[in-house]
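The values are calculated or read from the model by the stated rules, or taken from the named source; none is laboratory data. No experiment lies behind these values; they were computed from the predicted model shown. Neighbour counts run over all protein chains shown; Cβ positions are idealised from the backbone, glycine included. Just the protein is used for accessible areas: all its heavy atoms, side chains included, with ligands, DNA and RNA removed. Shrake-Rupley method; radii C 1.70, N 1.55, O 1.52, S 1.80 Å.
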Amino acid sequence: MTYHSFTKPWYVFEKLIQRYQLPAKLNKNSLNNKVIKNKNSSFPLRALTVLNDWIKSDEEFDPMIFYDLTSFVYNQIFIDYPTFAKKNPTNEH
C-alpha cells in the first residue's frame, strides 16, 4: 500500500516539511534545549531522506510540489546546511 491509496501528494509533502522543521519549533518552546536537540536531531535528516527517495521513485512527480520543493531547498536547506549549498553546482542564490 502506498500513500496514493489514502492521501494526496501535497499533503505528504506538507507533513514532511513539518517534520523537517519540528526540532526548531521544539527548541524554541523548550526549557531544556540540549535534551530536545539531541532527541530530535534526526528528524530533519529523516525527512530529507524520505523526500529524496520519493523524488527518485515517483515517475510522475507533481510539478507544483516540485516547485515548492525547490523553494524549500533554496530557502531552508541551503540556509540550514551552508556547506551543502557551496557543494551544489546548481545553487545560483
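Based on this model, can you work out whether TYR20 counts as modelled with pLDDT of 85 or more and either loosely packed, with under 15 Cβ neighbours inside 10 Å or out of contact with any Leu (no Cβ under 6 Å at 6 or more places or on another chain) (or both)?
Answer is yes for this residue.
Yes or no, residue by residue, for (1) at pLDDT below 85; (2) open to solvent by 50 Å² or more (accessible area, probe 1.4 Å); (3) assigned to a helix (DSSP H, G or I); (4) under 19 Å from LYS8 (Cβ atoms):
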| position | (1), (2), (3), (4) |
| --- | --- |
| LYS34 | yes, yes, yes, no |
| ASN38 | yes, yes, yes, no |
| PHE43 | yes, no, yes, no |
| ILE55 | yes, yes, yes, yes |
| VAL73 | no, no, yes, no |
